[in-house]
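Just below is one structure, and these are the notes that go with it.
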Amino acid sequence: MAGNSEYAIEMLNITKRFPGIIANDNVTVQLKKGEIHALLGENGAGKSTLMSVLFGLYQAEEGIIKKDGVEVKINNPNDANDLGIGMVHQHFKLVQCFSVLDNIILGDETTKHGILQKDEARKKVMALSDKYGLKVDPDAKIEDITVGMQQRTEILKMLYRDNEILIFDEPTAVLTPAEIDELMEIMKNLAKEGKSILFISHKLAEIMAVADRCSVLRRGKYIGTVNIADTNQDELSRMMVGRDVQLVATKEDKEPGKVILHVENMTVPSKLHHNNAVKNVSFDVREGEIVCIAGIDGNGQTELVYGLSGLENCTSGKITLSGKDITHASIRERSTSGMSHIPEDRHKHGLVMDYSLAYNLVLQRYFEPEFSTKAGFLKKGAINSYADKLIEQYDIRSSQGAATIARSMSGGNQQKAIIAREIDKNPDLLIAVQPTRGLDVGAIEYIHKQLIAQRDAGHAVLLVSLELEEVMSISDRILVMYEGELVGEFNPKTTTPEELGLYMAGAKRKEIGA
Amino acid sequence: MGKKSSEGFLSKPAVQSTLAALLCIVIGLLVGYVALLIINPAGATEAIITILKNYFTYPTKAAAMKYLGNTLVKAAPLLMCALSIQFCYQAGLFNIGAAGQYVAGAGAALFCALQLKMPWIICLLAALIAGGIFGIIVGLLKSYLNVNEVISGIMLNWIGLYTVNMLLSGVKETASPYTVQVASVNKGAILPSLGMEKLFSNNKYVTIAIPLAILIAILLKVILSMTVFGYEIKATGIAKDAAKYSGMKEKRNVIITLFIGGALAGLGAAFLFLTGYEQWSVTQSSVPGMGFNGIAATFLGGLDPIGTIFASYFIQHITSGGSYLDKNIYPSQISDFISAIIIYLCGFVLFFKIQLNGWLRARDERAKQPPIVQSKKEEGGNK
Amino acid sequence: MVLLLQYTLLFASVLILVALGGCFSEHSGVINLGLEGIMVMGALGGALTLKYISPSTPALLIVLAVMAASILCGVIYSMLLAVACINLKADQTLVGTALNMLAAAAATVIVKSINIAENPDNVSSTVQYVQTKKALVVSIGSFQFNWFMLVALIALILAYVILYKTRFGLRLMACGEHPQAADSVGINVYTMRWSGVLISGMLAGIGGIVYITAGVSEWKFEVGVAGFGFLALAVMIFGQWKPINIGLAALLFGFFRALSNVYSGFDFLAALNIPGSVYNMMPYIISLIVLAFTSSNSRAPKAEGIPYDKGSR
């Protein structure tokens, strides 16, 4: 029976618990040889945990793993590797200052008298690169190459180790549409050559395009496995969230009012490389509109927002907020002049994780007379009652109310706290950067409603998003950013995701007048 | 907002800090005891008791009080150095330069007292400013040039030492490397005692320095927990990026914090040298340990100003106790050795707390019924 | 002049050894602020060997014995750092500082105890090694060649080869840059970090004995090693964590340190009548200035100072 199994890998009745949470509850996934098997689920559904169990990063409390029909124990990545299991992680596991070749051989080096022998490795890598169309420069440093090439390096890492079972963890999140197509081709090629592929994603279209079968997880539970040929996006979507979802937010048409944010020829340097991250960008955001900056991750959106919020200095250009020149204003001045900012990284920027919820809710206002005396003392009573008010109003849930330490709250509630704080400032301009990232559908709906409510109340909203679906459904105007420049302006009613994709990938561009 | 049960006692941060500190002390003393046993088993038990007894060694109450006074005289500067390190630590800065700021304060205080013949209040201010300037240098280097404050602090410790040696070589006794007695040259530079010496069997070294140090500790506690400045300092320490995002002037705060830290350490030196208890040796070639012992007191005190008062006293208590050991059998540095062990153990406090909390949580969970799948995570997100 | 060269090379050797130690530790991801303390312990081991070994022992044997003792002490002592910072995830700054204080106190206690045991009236913390120290030195004309200069040179070359040409080096640096990446390809991050710290203990241990035998024949352990461990850290930062650059930086710092020993031998320097304290300060001032200019864009290993936790990804 051994070796004759139809399945390359079987994970049977896997249960994995973390303190307070069952991340995987009796999950079964069976990967056939030579197939592309999608693993679908929302953020937090337990996909990554399951893969970490398979890869030996975690040990399951219950359940067994079989390879070719034989039960195996995977205690660490080495075991996984020995069984021919390789993984492209969502966040690449690449050493930035090493070359591509060094990264590929790391952990599986050939040596002679203790000295590294790289020539043969280089030959093998180049052969693999040719065979599967994975173009890389073996001597380039990771920090100097594109995300696409980094991903190809990760794939080569698996192939170099002759892995038969390849796991792709959300591989398309960081890619341009063209690169995604390329990746899909590569995956199909690999499957054709007999590799078995597990493809983790929450993007239905991609699963429909490339997978043979799909297993669905929801809140840690195994929902079922379907043949892609026999299903459609609607069914998969229902399996994933447990109900029909109306992701398209409803909002009424509204004529935008006067200009709130005016940006002229803004340039922001990059921390990562010597070029400018934002190049000579100009645009407006007006009252009562949601303007969305769309683009692939890493095309200057982060730095654009840093420039607007004052976290980074612009090297040239001019920014006006409600008619006031804020180009050289401090972060605090911008905030008190009517700018709110829901930051991209809520753990790093958005919250003081070890402060209480109450302290976090006044992070932008603690210095105001409402919360502190002239002598510089905090008014703790006022801070707590304000916090209670926001907790009530924005439905922020936590174990100990205002006294809860931010770190102990769930991601969705942390984000709600930030949104409550930023919106309650009653800003003229709300900048929201990927406000729904990593949240579940309920929280996403909630946040979209809040953004639209801001717009309807006549405020200006600038949304930065990587999710085309989100961009299409809630914005009034779309600006596409590519390599630090705005390359097109679109009306969501008249454009298509495909058209946006071409601009996001740099395949097309048009001049936009601010 | 569940009610705290009685078993919540162990999960209180203050209780945990105290427990951890006591554990560190016990282990530190045990290791010290073992060291004494190795050196000379016969007198080891007596020796460790001598260290712990300190001034209680003296049979009469009057003598004991007098030497309690001496311990307090040295505990005051130690407390100041500990507060210096602690205040900076709240802002995420490891002010190992406190040792050098202490040296700078000593130099300034003695120079003003001996060379310029200034009254004590001016000497005190000079020490404060000198320490503060040393702190500011570290702050500027950190804020604008990204120099690690530990490395620059260490360098400044040595620079400070040699500078002060040079500065004070003009006011040293002719026959010894020590600076002249403050009391003999300029009585006005001695800190006032306000009659407190009577409580300590006329110990002339007991001055307002002792109550001042305690007052400053309380003041710092108030600043940290109740003011806008404290809110900013702590936010900067916990989450530098979030502090910047909220518009706090991070660089300015770093510099102010280090100025305050430096001023505290500088004052600490004045608190010792302006009592006349010690003289500065202008040939000393190692940085005085006061600033480093402050690190021990800070961490032992659970990084809390009030806890640090007790911790500083304890560290000084065993250090003074060490000097009562029979020098011809045991080296008095055994006390430093115990202090150092205690600091080393303080490094594990966080680990200890995590373990304790993990254990408490596991116990709570066993008490409850099995959790529903991902209950915590999901409840929050959905309505 | 020869004397200046000799002292420059000698102090540069110390700095090279200790800075390379720091370099290995930091490349593995652990900031080793305890180098100073490790030096003291290494120095203690070496000094006691010099004290007790018979002066008639062949010179080479003395050198090897001293080195072995220093390495042993340094390595054992650095384990305290490794277990605290790697396994128990303690604050690396705090533990490093504690180790420096502990070393000074422990070395003093040990030396005093030995002295007292020999003669109850001798309560000093000084170890003498006048006779045996001669074994470490070979006179070439007026230049006194010290075997440890050669050891430092070999260490420098080895460090370069190990870091850039071997499997061990590649894996070590991966752990300092991106431990999760290393873990995901089956490298045991804890083992690699332990190796890094132990190597730093070995090198700093040798550095310690070289420092206290440079130009003197006895050492008072109460004074420790006068911040030399931290100068070595400055050398390492100035050298951008690269062995060859560290070698050059060490020569520069060694020169300034040497000046304070021999300035009185130069007529024009002596004529300037600058107090000795100024020369003593020089290395520290120089390193402060150097750090001010080199710290803004440092190439420090990205993951240094962050305890590795297998659970968090």
* **B:A183 being away from chain C (no Cβ under 13 Å), surrounded by fewer than 22 Cβ atoms within 10 Å (Cβ to Cβ), in contact with a Gly (Cβ under 6 Å, 6 or more places away or on another chain) and at pLDDT below 90** => yes
* **Output for the range A:85-102, where each listed residue is part of a helix (DSSP H, G or I) and within 8 Å of chain C (Cβ to nearest Cβ)** => A:D102
* Just to be sure, is A:R477 more than 18 Å from the chain's Cα centre (by Cα), among the charged types (D, E, K, R) and crowded, with 21+ Cβ neighbours inside 10 Å? -> no
* **Residue in the range C:275-298 that is surrounded by the most Cβ atoms within 10 Å (Cβ to Cβ), counting only those that are more than 8 Å from every other protein chain (Cβ to nearest Cβ) and either within 23 Å of the chain's Cα centre (by Cα) or part of a helix (DSSP H, G or I) (or both)** => C:P283
* To do: Answer with yes or no whether B:L156 is within 14 Å of another protein chain (Cβ to nearest Cβ), of a type outside the set (D, E) and either in contact (Cβ under 8 Å) with a residue 60 or more places away in the chain or assigned to a helix (DSSP H, G or I) (or both).
  => yes
* Which ranges mark the helices (runs of 4 or more DSSP H) fully within the range B:192-252 that have 3 or more residues being under 24 Å from the mean Cα position of the chain (by Cα)? -> B:209-226, B:228-238
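Could you look through the range B:326-338, keep only residues that are more than 7 Å from chain C (Cβ to nearest Cβ) and crowded, with 24+ Cβ neighbours inside 10 Å, and pick out the one that is modelled with the highest pLDDT? Before the answer, list the steps.
Taking the range B:326-338 as the starting set, the residues that turn out to be more than 7 Å from chain C (Cβ to nearest Cβ) are B:326, B:330, B:332, B:335, B:338.
Then drop every residue that is not crowded, with 24+ Cβ neighbours inside 10 Å, which leaves B:330, B:335, B:338.
Working: B:Y330: 88, B:S335: 88, B:I338: 91.
Filtering first and then ranking leaves B:I338.
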* Asked: Of the conditions (1) at pLDDT 90 or above; (2) touching a strand residue (DSSP E or B) at 6+ places or on another chain (Cβ under 8 Å), C:L251 fails just one. Which one is it?
  -> (2)
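Among the candidates C:A84, C:A117, single out the residue that is within 9 Å of chain B (Cβ to nearest Cβ), aliphatic (A, V, I, L, M) and either surrounded by 21 or more Cβ atoms within 10 Å (Cβ to Cβ) or on the phi > 0 side of the Ramachandran plot (or both).
Exactly one residue qualifies, and that residue is C:A84.
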* Structure fact -> Of the conditions (1) away from every other protein chain (no Cβ under 14 Å); (2) aliphatic (A, V, I, L, M); (3) under 26 Å from B:V138 (Cα atoms), the single one that C:L272 does not satisfy is (3)
* Does at least one position in the range A:445-458 carry a residue that is among the basic types (K, R), surrounded by fewer than 18 Cβ atoms within 10 Å (Cβ to Cβ) and more than 14 Å from every other protein chain (Cβ to nearest Cβ)? -> no
* Only one of these conditions is not met by C:A226: (1) away from chain B (no Cβ under 11 Å); (2) without any contact (Cβ under 8 Å) to a residue 12 or more places away in the chain; (3) hydrophobic (A, V, I, L, M, F, W, C); (4) assigned to a loop (DSSP other than H, G, I, E, B). Which number is it? -> (1)
* To do: State whether the residues of the range C:165-183 include one that is in contact with a helix residue (DSSP H, G or I) (Cβ under 8 Å, 6 or more places away or on another chain), within 25 Å of C:A303 (Cα to Cα), charged (D, E, K, R) and part of a helix (DSSP H, G or I).
  => yes
* Asked: Are any of the residues in the range A:20-34 more than 12 Å from every other protein chain (Cβ to nearest Cβ), more than 30 Å from A:I145 (Cβ to Cβ) and not in a strand (DSSP E or B)?
  -> yes
* Asked: In the range C:70-81, which residue that is in contact (Cβ under 8 Å) with a residue 60 or more places away in the chain and surrounded by fewer than 24 Cβ atoms within 10 Å (Cβ to Cβ) is farthest from the other protein chains (Cβ to nearest Cβ)?
  -> C:I71
* To do: State all residues of the range C:235-251 that are over 25 Å from C:G45 (Cα atoms) and either within 13 Å of another protein chain (Cβ to nearest Cβ) or free of Cβ contacts under 8 Å to residues at least 12 places away in the same chain (or both); if no residue qualifies, say none.
  => C:I237, C:F238, C:Q240, C:W241, C:K242, C:N245, C:L248
* Which one is nearest to the other protein chains (Cβ to nearest Cβ) among residues in the range B:159-177 that are in a helix (DSSP H, G or I) and over 24 Å from the mean Cα position of the chain (by Cα)? -> B:M166
* Selected residue (only one of A:S322, A:S410, A:S340 is more than 10 Å from chain B (Cβ to nearest Cβ), in contact with a Lys or Arg (Cβ under 6 Å, 6 or more places away or on another chain) and farther than 30 Å from B:L220 by Cβ) -> A:S340
* Please enumerate the residues belonging to the range B:295-317 that are among the hydrophobic types (A, V, I, L, M, F, W, C), surrounded by fewer than 24 Cβ atoms within 10 Å (Cβ to Cβ) and either touching a His at 6+ places or on another chain (Cβ under 9 Å) or at pLDDT 90 or above (or both). => B:I306, B:I309, B:F310, B:F314
* The lone exception for C:L231 - which of (1) more than 10 Å from chain B (Cβ to nearest Cβ); (2) hydrophobic (A, V, I, L, M, F, W, C); (3) in contact with a Pro (Cβ under 7 Å, 6 or more places away or on another chain) it fails -> (1)
* Hey, among B:A209, B:A217, which residue is within 30 Å of A:A382 (Cα to Cα) and of a type outside the set (D, E)? -> B:A217
* Structure fact -> Considering the range A:343-379, residues that are touching a Phe, Trp or Tyr at 6+ places or on another chain (Cβ under 9 Å), more than 7 Å from chain B (Cβ to nearest Cβ) and without any contact (Cβ under 8 Å) to a residue 24 or more places away in the chain, and then whichever is surrounded by the fewest Cβ atoms within 10 Å (Cβ to Cβ), we arrive at A:E370
* To do: Output the number of residues of the range B:202-227 satisfying the condition of being surrounded by fewer than 18 Cβ atoms within 10 Å (Cβ to Cβ) and either farther than 27 Å from B:Q316 by Cβ or of a type in the set (S, T, N, Q) (or both).
  => 4
* For B:F292, state whether it is free of Cβ contacts under 8 Å to residues at least 60 places away in the same chain, surrounded by 24 or more Cβ atoms within 10 Å (Cβ to Cβ) and closer than 22 Å to C:M101 by Cβ. => no
* Evaluation of B:P13 against (1) over 30 Å from B:K244 (Cβ atoms); (2) surrounded by fewer than 17 Cβ atoms within 10 Å (Cβ to Cβ) (one fails), failing number -> (1)
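Out of C:V95, C:V123, I need the residue that is within 10 Å of chain B (Cβ to nearest Cβ), hydrophobic (A, V, I, L, M, F, W, C) and surrounded by 24 or more Cβ atoms within 10 Å (Cβ to Cβ). Which one?
C:V95
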* Assuming B:L191 fulfils every condition listed in (1) under 22 Å from B:A127 (Cα atoms); (2) crowded, with 18+ Cβ neighbours inside 10 Å; (3) free of Cβ contacts under 8 Å to residues at least 40 places away in the same chain apart from one, which condition is it? -> (3)
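The values are calculated or read from the model by the stated rules, or taken from the named source; none is laboratory data. Keep in mind that this is a model prediction, so the values were computed, not measured. Positions of Cβ are generated from backbone atoms using ideal geometry, with glycine treated the same way; all protein chains shown enter the neighbour counts.
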